[in-house]
Each structure stands twice: as C-alpha cells, then as structure tokens.
Amino acid sequence: MDSPTVVVLGSVNMDLVTTAARRPAPGETVLGSDFATVPGGKGANQAIAAARSGARVRFLGAIGDDTFGAELTATLLDAGVDTTLLRRVDGPSGIASIVVDGTGENSIIVVAGANGQLTELTAAELAAIAAADILLCQLEIPIDTVLTAARHARASGTVVALNPSPVQSLPTELWTAVDLAIVNSLESEQYSVELTQVAHVVRTLGGAGAVYRGEEETELTVAGLPVEVVDTTGAGDAFTGALVATWNQGASTALNWANTAGALATTRLGASSSIPSSAQIAAALTTS
C-alpha cells in the first residue's frame, strides 16, 4: 500500500531537559543529575514520527532567527521531513522546559516563541494541505490557524487528524471538521462531549495500551507493550505520528503499530531523539 502524504501543522521547540530523582514541590530546589537540549515540539515530534514510520511528510510551522532554529530545521531534515514551507521569523524559537523524575514521569512548561507567530496560512501552505492525504494538527500554535487549516482540509477532501493538546476550549466548528482524534485519558475526559462528534477516536492509556472507537461504535483494544521506561516525554507524539502514517492500512494495523512506537519511545531520553524507526517498530511487533 502506498505511503500517505501527511502535512503536519504545529509547533517546533527546543526541549531543555533536566533529570532529577524527583520533581520539586512549589518553592523547593532539588539537585538534578543531567541536562540536555533535545529538539521537540508536538508538531515536529509527530512529523518526525510519521516520517520514520514511512509517510511522506511536509511540516508547516515557524522557527526563530536564533541558533535553536537552525538545529531544529536540521533535525526535521535528517528525519526525512520536507521543510520547504517552514517559516523563519524574527525572535526566539519556541522552547519547552522539562523535568524528568526517577520514574520517567515529567513536568513541562512550554514557551511559544516563534510558534505564536503562526497566525495565518499562506496560499502555498493551503495548497499543501489540499494536496495531502492527511492533515495532522495539535494545539501549541494559535487555534484560529488550526481552525483555518482544518476547514480547508475538510473542503479539499483531506482527512483531518487532531491531537487536542494542550487541553483548552475549542470552537465547535473545529470539532465538526475532525475525522480522527487522538487523545490521552485526561484529554478524553476533558473533551468527552466534543469527541462524540468525531467519527474516529483513539485513546491512549499509557503503559496499558490504547483503545479505538470508530463509526457505529466499532471498538478495538490493544494491550500495552512491556518495556523499561526511561522517559515518557514524546511518547504520545511518537504514537500519534506512527498512527497517521499507517492510518490508510486500517484501524487495527495502525493501532498496533502506533502502540508499539509509543512504547519504544519511552525507553530512551528525550522526545524526537526517542522516536523509533520503522525497522525497530517492525522488529518489536515480531517479537511481542
């Protein structure tokens, strides 16, 4: 089956990752054990994950004119993502400050930077969306831009996939344009009413696996893959990108593939740096 063309509209950040035995309480200082800068951002992570799972991926987003911007672009290119339409704007690139504790759980603060300047779409960006098989969006860029893209995709016959994270109030018009929603347990609760409008919903359950609900209430469940968790940062993005890359192969195949990708992503530190390749996912599926 041909690989789908996926356009990812979203954020690209430099993740500033600190590891410590535990995350600090309010007002408390704790000693960390390690620090790393790792390219990330939900949009970029998902674009890289889709590309590593075999999709043809174009990324729509914005970087700043700082040194982070050049590194972020290089990371996307190295993963095989088309950055022809990636904008370079005045000011800093987006960043995420991440603390990872001894159990692999994390706390994250995101500063939008250049991502906040993605306030409208050009004719070339709209044409790319119309020509794609799937448009994948998240919520780390202005919502009006996401809505414009989703509306244009729906009118053009492009499948609209949405990972509604971070949680925030969304216009009804956006939900009615969505064909596929990918949510975690918290997002599923927060958007429980809105998700009833969406034909296809995939809910991730962390280490417990994932559940798919389709049209006519068709439901599929896949169990978690036992792995040694190092860092959960970016695991949901690895899952989401892998899911859309294989969506044209059917919900069952895509769910199993994405579940494996998400699990493998927890075995390494960082977001984009932890996303597995197609070969790694296929090998894990063979042995599981």
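The values are calculated or read from the model by the stated rules, or taken from the named source; none is laboratory data. Fair warning: this is a prediction, and the values are worked out from it, not measured in the lab. Ideal geometry is used to build each Cβ from the backbone, glycine not excepted, and the neighbour counts take in all protein chains shown.
Among Val211, Val230, Val244, which is the only one that is without any contact (Cβ under 8 Å) to a residue 12 or more places away in the chain and of a type in the set (A, V, I, L, M, F, W, C)? Give the derivation first.
Details: Val230 fails: without any contact (Cβ under 8 Å) to a residue 12 or more places away in the chain; Val244 fails: without any contact (Cβ under 8 Å) to a residue 12 or more places away in the chain.
Answer to the selection: Val211.
Taking the range 268-288, which residues are more than 22 Å from Leu76 (Cα to Cα) and not polar (S, T, N, Q)?
Ala282, Ala283, Ala284, Leu285
From the list Asp65, Asp15, pick out the single residue that is outside any helix (DSSP H, G or I) and more than 29 Å from Ala258 (Cα to Cα).
Values: Asp15 fails: more than 29 Å from Ala258 (Cα to Cα).
Residue meeting the stated conditions: Asp65.
Output yes when any residue across the range 176-195 is farther than 16 Å from Leu162 by Cβ, hydrophobic (A, V, I, L, M, F, W, C) and out of contact with any Lys or Arg (no Cβ under 6 Å at 6 or more places or on another chain), and no when none is. Full working, then the answer.
Going through the range 176-195, the residues farther than 16 Å from Leu162 by Cβ turn out to be 185, 189.
Remaining after also requiring hydrophobic (A, V, I, L, M, F, W, C): none.
No; the residues of the range 176-195 include none that is farther than 16 Å from Leu162 by Cβ, hydrophobic (A, V, I, L, M, F, W, C) and out of contact with any Lys or Arg (no Cβ under 6 Å at 6 or more places or on another chain).
Please indicate, with yes or no, whether at least one residue in the range 32-42 is out of contact with any Asp or Glu (no Cβ under 7 Å at 6 or more places or on another chain), surrounded by 23 or more Cβ atoms within 10 Å (Cβ to Cβ) and at negative phi.
Checked against the condition, which is being out of contact with any Asp or Glu (no Cβ under 7 Å at 6 or more places or on another chain), surrounded by 23 or more Cβ atoms within 10 Å (Cβ to Cβ) and at negative phi, the range 32-42 yields no hits at all.
Taking the range 14-33, which residues are of a type in the set (Asp, Glu) and touching a residue at least 40 places away in the same chain (Cβ under 8 Å)?
Asp15 - this is the single residue of the range 14-33 that is of a type in the set (Asp, Glu) and touching a residue at least 40 places away in the same chain (Cβ under 8 Å).
Take Thr67 and decide whether it is of a type in the set (S, T, N, Q), surrounded by 14 or more Cβ atoms within 10 Å (Cβ to Cβ) and at negative phi.
Details: of a type in the set (S, T, N, Q): yes; surrounded by 14 or more Cβ atoms within 10 Å (Cβ to Cβ): no; at negative phi: yes.
No.
Taking the conditions exactly as written (under 12 Å from the mean Cα position of the chain (by Cα) and under 18 Å from Asp179 (Cα atoms)), does Thr240 satisfy them or not?
In short, yes.
Looking only at residues in the range 195-249 that are among the hydrophobic types (A, V, I, L, M, F, W, C) and assigned to a loop (DSSP other than H, G, I, E, B), which one is surrounded by the fewest Cβ atoms within 10 Å (Cβ to Cβ)?
So, considering only residues that are among the hydrophobic types (A, V, I, L, M, F, W, C) and assigned to a loop (DSSP other than H, G, I, E, B), the one surrounded by the fewest Cβ atoms within 10 Å (Cβ to Cβ) is Ala199.
Yes or no: the range 265-286 includes at least one residue that is assigned to a helix (DSSP H, G or I), modelled with pLDDT under 90, over 14 Å from the mean Cα position of the chain (by Cα) and among the polar types (S, T, N, Q).
Within the range 265-286, one or more residues are assigned to a helix (DSSP H, G or I), modelled with pLDDT under 90, over 14 Å from the mean Cα position of the chain (by Cα) and among the polar types (S, T, N, Q).
Among (1) in a strand (DSSP E or B); (2) surrounded by 14 or more Cβ atoms within 10 Å (Cβ to Cβ), where does Arg23 come up short?
(1)
Among the residues of the range 212-243, count how many are modelled with pLDDT of 90 or more and within 24 Å of Val8 (Cβ to Cβ).
Number satisfying all stated conditions: 13.
In contact with a Lys or Arg (Cβ under 9 Å, 6 or more places away or on another chain) and of a type outside the set (A, V, I, L, M, F, W, C) - does that describe any residue in the range 40-47?
no
In the range 1-20, what count of residues is obtained for those that are over 15 Å from the mean Cα position of the chain (by Cα) and either surrounded by fewer than 19 Cβ atoms within 10 Å (Cβ to Cβ) or of a type in the set (S, T, N, Q) (or both)?
Of the residues in the range 1-20, 8 are over 15 Å from the mean Cα position of the chain (by Cα) and either surrounded by fewer than 19 Cβ atoms within 10 Å (Cβ to Cβ) or of a type in the set (S, T, N, Q) (or both).
Test each condition in (1) among the hydrophobic types (A, V, I, L, M, F, W, C); (2) over 19 Å from Ala50 (Cβ atoms); (3) surrounded by fewer than 15 Cβ atoms within 10 Å (Cβ to Cβ) for Ala279 and report the one that comes out false.
(2)
Across the range 180-194, which residue is farthest from Ala254 (Cα to Cα) among those that are under 18 Å from the mean Cα position of the chain (by Cα) and assigned to a helix (DSSP H, G or I)?
Ranking the candidates gives Leu186 first.
Look through Gly91, Gly27 and report the one residue that is modelled with pLDDT of 95 or more and more than 22 Å from Asn248 (Cα to Cα). Before you say what the answer is, go through the steps one by one.
On the way: Gly27 fails: modelled with pLDDT of 95 or more.
Just one listed residue meets the conditions, Gly91.
Against the conditions (1) surrounded by 24 or more Cβ atoms within 10 Å (Cβ to Cβ); (2) free of Cβ contacts under 8 Å to residues at least 24 places away in the same chain, where does Ala161 fall short? Just the number, please.
It is condition (2) that Ala161 fails.
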